[in-house]
1. Pick from segment 236-257 the residues that are at pLDDT 85 or above and either of a type in the set (D, E, K, R) or open to solvent by 30 Å² or more (accessible area, probe 1.4 Å) (or both): which of them is farthest from L272 (Cα to Cα)?
2. Looking at R74, R24 in this structure, which one is at pLDDT 85 or above and under 38 Å from the mean Cα position of the chain (by Cα)?
3. Collect the residues in segment 120-140 that are surrounded by fewer than 21 Cβ atoms within 10 Å (Cβ to Cβ) and at pLDDT below 90, keeping them in residue-number order.
4. Applying the selection to segment 1-29, what residues are touching a Phe, Trp or Tyr at 6+ places or on another chain (Cβ under 9 Å), closer than 15 Å to V100 by Cβ and not acidic (D, E)?
5. Would you be able to tell me the number of residues in segment 709-722 that are closer than 20 Å to G250 by Cα and open to solvent by less than 20 Å² (accessible area, probe 1.4 Å)?
6. Do you know which of the residues in segment 675-694 that are under 20 Å from L533 (Cα atoms) and among the β-branched types (V, I, T) is surrounded by the most Cβ atoms within 10 Å (Cβ to Cβ)?
7. State all residues of segment 667-683 that are in contact with a Gly (Cβ under 9 Å, 6 or more places away or on another chain) and farther than 17 Å from A725 by Cβ; if no residue qualifies, say none.
8. For E705, work out the one condition from (1) surrounded by 22 or more Cβ atoms within 10 Å (Cβ to Cβ); (2) more than 18 Å from T579 (Cα to Cα); (3) of a type outside the set (G, A, S) it doesn't fulfil.
Amino acid sequence: MPEHTYIDFDLLIEPGDGGRYRARVLNSPVGETRPVSVTMPFSDLELENFLLRVGRPRREATRGEGSPEASAVREFGGRLFDAVFRDQLRTALAGSIDRVEAQENTGLRVRLRLADCPDLAELPWEYLYDRDARRFLALSQWTPVVRYLEMSNPIRPLAVTPPLRVLMMAASPTDFPPLDGMAEWTKVRDALGGLQQAGRVQLDRVPTGTLANLRAVLRDGDYHVFHFIGHGRYDEGAQDGVLALEGPHGRAQLVSGADLGALLHDERSIRLALLNSCEGARGGLTDPYSGTAQSLVYQGIPAVVAMQFEITDTAAITFARSLYEAVAAGYPLDAAMAEARNAVREQPNPVEWATPVLYLRAPDGRIFDLPAPKAPLPPPPAPPEPSEPPAPSEPSEPSEPSAPSEPPPPSEPGAPARNGRHRGVVAEPHPAHRRAVLIAVAAAVAVAGVTVGAVLISNGGSSNGGASSPSSSVSAPPAAPGPGLPQGAPLPDTTLVAPLMVDNQADLYLLDTVSGGDAAPLVTSGANDVAPLISADRRSVVYARSTGGGGYELHTVATDGSGDRLLFDPAAAGCATFTRPAWNAAAPQQLAVPCSAGDRVQVRVMNLQGTTLRTLDPGIAHVDDVTISPDGTKIAYWGADTARNDGGRLFSLPTDGSGSAVPLTEQAGDADPVWSPNGDMIVFRRRTPDGWSRICVMNADGSGEQSLTQGPWIEQDPTWSPDGAWIAFKSNRNGRLPGDQVWVMDRSGNGLRQLGHSVAGTAEAPAWGHR
């Protein structure tokens, strides 16, 4: 990578007489110029038609250089260039370019100063096109175009020890058009896979779209980039841009650019904000610092990238990947912008490369001081295919979970100690062994024949997603279990296992929470197969198979459907029958199993060979639905004094048998508890007095109960996504279809949507993880 040095070409445009403007060069390699009278070459109608033409991105996969849009962009950019760069201004620009080209690795930074005429900020200056040279200025890293907002306090580069830490937030309020934030999160994460694997970028995610969660994450972690996905607009009354975050009940909470800027201002490590929202770059006609991006700059953020038009997912993902790659490689931000613009244009996409606008207040364009990479990156993945907008009937997104992580590279001496796992943040680790398999579920099944060792390896638990005060965490990789467990390729974190009814029989299927497409079969036997669990490394599944007469035995199968066999002999284990077990992520050779023994149900801690390691006293006669905390120290379950299947009270019990059961709830209709992946919360089902049931959450100690669903439905069997940001459950709320269906929502109860699949009903509890 060449070392970039820039000399500024400061172009000031200010109001003139009779609706005209004056333009002059304040500073350049060849000096200043006198003012030149400028008339904008477009009528209001022409400008409106052009903005409509390029500001509503089409969904076609490619738009070549010969397309009408490409011609319109060149014509617009050429007319704008000719109108401004005339007489001595054109001479100054040409002379300045000649001067810097004579110097090694030196470029000309064209800084637009539009503060005196904010009405001109509406124009897409990024399309400036030099017809003589036959090139767009902004597409060259040697002639970047930036919108410069001068402030009194200086900006100095922040010394950063890799990785560059990016915090992403997606918000989709229920009263705004739905956004598929999960898909965008997935695409950005996968696009940055090579950077993360190389230790140059770390991508984390705010678990929900609420301001409270954002504040909690920022309080506990140092980030360099804030990346927002969501809705935005310009508020004429407030003379400021607003972003639509999610309020406490899922509806929009409008946060002004000034308020967001004040929050980010206190995070001294944040030097760049990227706003993928509508009208993020739009400002008022009188105040140069109105608008979301401008307000963030005014509040002290050195650089803000915002969208001046709507942008397609494909262009947004490509732009973000290339921008972060260049910044992580040590490019000044304006040069990184040129690299990212060209990446979009090379899709090919000759229009949307100019949609991102850079507002800069760092005089030299350097906001980070990053060391150059020591090794080349692996080639980036192919750009994601553009997709149609989600149907109106699908209210929202789940955000893409993250996979179990490898330890981050050690910090440089003197760097702050960090491992990327902050309270309330979904950490995105280095995906070294991920995504060699499919996003589509059917492809997951198609990898039959993949063989790995017979030893189940755990990566040390799930990443911390969710609320702000975890009670425990897994700090070291757990021990490996015994041999013989069938294994396949790791299931993507977007995939869950659900028992679905087919011809009046429950079989196990894989469902993809991103595509929502047809289910793919995993186990189809002649018996009812229910109660699945996924191992911590997502390579194996344990489930219960009916034996007739109401009994069940535990089976295991690889994630590609191979190796299905009996886990261990129930008779040898000393149990009349088993009900749904839980897998210990901290010691994945162990299961907690409710075991019928006489007139009581015991809770046994067993190894994968069926040996009982200890028998625990649950303090009540009948228990079911056990779940193990992520650190392996506690088991939660529901229990009742008499045999029943409609729930009881929830309890917690030490796994090592060192203490007695502690009640977590006092109602008689609670069931299906599942510990969140970072141990801070428990999700469960509560029966209502009128006979319905709803999904609820509470803190791990039983406090802070909250209903996530409401309504005259039966909803039960919740399961957490591996990152703790999303909850899947079964519900009969869709009365048009037979049986229950699988639904997904975020951990606050927002973004609710049904998973589509071609099989009629859900027989039993879905599993997104290991309980």
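The values are calculated or read from the model by the stated rules, or taken from the named source; none is laboratory data. Computed from a predicted model, the values in this text were never measured in an experiment. Using ideal geometry, Cβ is built from the backbone for each residue, glycine included, and neighbour counts are taken over all protein chains shown. In case anyone asks, the SASA skips ligands and DNA or RNA and just uses the protein heavy atoms, side chains included. Shrake-Rupley method; radii C 1.70, N 1.55, O 1.52, S 1.80 Å.
1. Going through the qualifying residues, I end up with R251.
2. Matching residue, one of R74, R24: R74.
3. Those that are surrounded by fewer than 21 Cβ atoms within 10 Å (Cβ to Cβ) and at pLDDT below 90: L120, E122, L123.
4. The answer is H4, Y6, V25, N27, S28, P29.
5. Going through segment 709-722 one residue at a time, the tally reaches 5.
6. If we take residues in segment 675-694 being under 20 Å from L533 (Cα atoms) and among the β-branched types (V, I, T), then I682 is surrounded by the most Cβ atoms within 10 Å (Cβ to Cβ).
7. Result: Q667, A668, G669, D670, A671, D672.
8. So the condition that E705 fails would be (1).
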